[in-house]
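Contents: one structure, followed by commentary.
Values quoted throughout were computed directly from the atomic coordinates according to the rules given, and no laboratory measurement underlies them. Values in this document were obtained by computation on a predicted structure and should not be read as measured data. Because the Cβ atoms are built from the backbone with ideal geometry, glycine has one as well, and the counts that use them run over all protein chains shown.
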Amino acid sequence: TDYNQLGFNLRSNIFQGGPLESRSLMKDSYTPDIIQKAIQDPKNWHGRRTDELGKWHKKNALNLNVQKALEDKYG
């Protein structure tokens, strides 16, 4: 009987899953003009400035990608 009840519940679509549309707290809290005015500064990300170590890691990753591309192209 438990098996039959589980089958009935699955056929009845009791377990519907999550919502089809996701909602954002920022979009619900602010008007559209505030969101459009928001300027993203890559050098000042959430109040944190990119330090020298971060710049070095970014440059190193770019260098490794260039080396890999050159190695793939020329062998």
Give the lysines whose C-alpha is closer than 20 Å to that of Lys27, dropping any in the same chain fewer than 8 places away, or say none. Lys37
For Lys27, what is the net charge nearby, where nearby means another residue's Cβ is under 13 Å from its Cβ and Lys, Arg count +1, Asp, Glu -1? -2
